[in-house]
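The values are calculated or read from the model by the stated rules, or taken from the named source; none is laboratory data. Note that the structure is a prediction, hence the values are computed from the model and not measured. With ideal geometry, Cβ positions are generated from the backbone for all residues, glycine too; neighbour counts draw on all protein chains shown. Note: accessible area is taken over every heavy atom of the protein model, side chains too, but ligands, DNA and RNA are not part of it. Shrake-Rupley method; radii C 1.70, N 1.55, O 1.52, S 1.80 Å.
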Amino acid sequence: MSFLIWLPALAWGFLLLAWGGFWRADQRLEGGETPAEWPAVAAVIPARDEAETISDVVTSLRRTDYPGAFEVFVVDDGSADGTSAEARAAGGKVITAPPLEPGWSGKLAAVRAGVAEVDRTCPEARWILLTDADIRHAPGTLRALVAMGEGRGLAMVSLMARLDMRGLWGGLLIPAFVFFFQKLYPFPWVNRRGHWCAAAAGGCVLIRREALREIGGIEAIRDALIDDCTLAAAVKRAGRAIWLGLADREVVSLRDNRGFQSIWNMVARTAFTQLRHSALLLAGAVAGMGLLYLAPAALVVAGVLLGEVDIVLAGLTASGLMASAYRPTLRHYGRPAWQATFLPVAAAMYLAMTVGSAMRHWRGQGGQWKGRTYP
């Protein structure tokens, strides 16, 4: 019994000491040496009913201070809200996505169409910037991305956008989301050449065209719902080096996270896919999250009620280690250190979203997004 009560603390100790230093949240975009010649770049933005944000996104890219040739392509994926008109008015080159073929996700079919247009009209482009229709870029972002990619000989450079944290739900759940993502894919491991861990943040991915061709193009991941990490894994398996970091103000998401339902849908769409649609992995995730995030508080309460000091001490130790791990991410987002106290609450909600994702899948409603449902 005495050993069992220390399991949460031991688990956190392992994560802090041996899990890639994920908790430091210290991977930042660093521009490399100025290339002798700035290569041509083309941006591809898949967009489906994004009239509210697409103008800001295209405008931010058109205002880049990138010294080389740069084109912006917006792929309208069946929008019914004036997305194309907004994109054209902002200076983007708009193309229409073809009808969705079986076996493809809508986003990746649109990206394929955009890449094909780049091949046709910008064959000189060495890099392709894959970005979302709700991601705003700072003027110096593209220059820094290319400088890092060229300077370090990378095949892919990706930034996790700074997400909206307004309101109760955004403030509680979004820093925790970033923390969990870093724990799932420790960024230092992602950035280590030859390491098995691979990930990317789909809102901002700069990829070499030759690396994309090497893996078989977008066709190689055509049915992936977690397309960013799937693409990163394919590139790394091909022996190429990749890099992933946290954005400060270089890349900002315009997606409104104030509503609980929007966050729930974002997570529930792919959480069970992340678990490979396995009930066994789901059970493991529930047990692991319970051990790490819920058991420490439960130990403190149980110890107080039972009058057992050692149980209280075990719970407080695990809680302290958990808070220490979370604080660098909170600091990155300008959140107070005391908010670490509420990480178990956020974890419980994300656990519910994951179970909800599995329920959706079992009801045949998994992968719902933008009016489409993917099996």
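Structural remarks
- Members of region 309-322 found to be open to solvent by 30 Å² or more (accessible area, probe 1.4 Å) and either at pLDDT below 95 or under 31 Å from the mean Cα position of the chain (by Cα) (or both), listed by number: T317, S319, G320, L321
- Qualifying positions in region 323-345 - open to solvent by less than 50 Å² (accessible area, probe 1.4 Å) and in contact (Cβ under 8 Å) with a residue 40 or more places away in the chain: A325, Y326, P328, T329, L330, H332, Y333, Q339, L343, P344
- Contact map, region 142-166: residues that are within 19 Å of L231 (Cβ to Cβ) and part of a loop (DSSP other than H, G, I, E, B) paired with residues that are open to solvent by 20 Å² or more (accessible area, probe 1.4 Å) and not β-branched (V, I, T), Cβ distance under 7 Å, separation 6+ or inter-chain. Pairs shown: A155/R208; A155/R240.
- Test: residue in region 121-137 that is within 21 Å of S55 (Cα to Cα), part of a helix (DSSP H, G or I) and either among the charged types (D, E, K, R) or open to solvent by 10 Å² or more (accessible area, probe 1.4 Å) (or both): no
- Residue list for region 202-224, restricted to those being surrounded by fewer than 17 Cβ atoms within 10 Å (Cβ to Cβ) and either small (G, A, S) or over 18 Å from C122 (Cα atoms) (or both): E214, G216, G217, E219, A220, D223
- Taken over region 7-26, the criterion of being closer than 18 Å to M160 by Cα and more than 23 Å from the chain's Cα centre (by Cα) is satisfied by no residue.
- Residue check for A113: aliphatic (A, V, I, L, M), more than 19 Å from G20 (Cβ to Cβ) and open to solvent by 10 Å² or more (accessible area, probe 1.4 Å): yes
- Residue in region 168-179 that is open to solvent by less than 10 Å² (accessible area, probe 1.4 Å), touching a strand residue (DSSP E or B) at 6+ places or on another chain (Cβ under 9 Å) and under 19 Å from V251 (Cα atoms) present: yes
- Residue in region 262-277 that is touching a strand residue (DSSP E or B) at 6+ places or on another chain (Cβ under 7 Å) and either open to solvent by less than 40 Å² (accessible area, probe 1.4 Å) or polar (S, T, N, Q) (or both) present: no
- The criterion of at least 3 residues that are of a type outside the set (V, I, T), closer than 30 Å to Q365 by Cα and out of contact with any Leu (no Cβ under 6 Å at 6 or more places or on another chain) is met by the following helices (runs of 4 or more DSSP H) wholly inside region 199-305: 227-237, 260-274, 279-289.
- Any hit, region 231-238, residues being touching a helix residue (DSSP H, G or I) at 6+ places or on another chain (Cβ under 6 Å), buried (at least 21 other Cβ atoms within 10 Å of the Cβ) and β-branched (V, I, T): yes
- Scanning region 149-161 finds no residues that are in contact with a Lys or Arg (Cβ under 6 Å, 6 or more places away or on another chain), open to solvent by 10 Å² or more (accessible area, probe 1.4 Å) and either of a type in the set (V, I, T) or closer than 25 Å to M289 by Cβ (or both).
- The requirement of being modelled with pLDDT of 95 or more, surrounded by 18 or more Cβ atoms within 10 Å (Cβ to Cβ), within 20 Å of A25 (Cβ to Cβ) and not aliphatic (A, V, I, L, M) is satisfied by S253.
- Test set (1) open to solvent by less than 30 Å² (accessible area, probe 1.4 Å); (2) modelled with pLDDT of 95 or more; (3) not aromatic (F, W, Y) - L305 fails condition number: (1)
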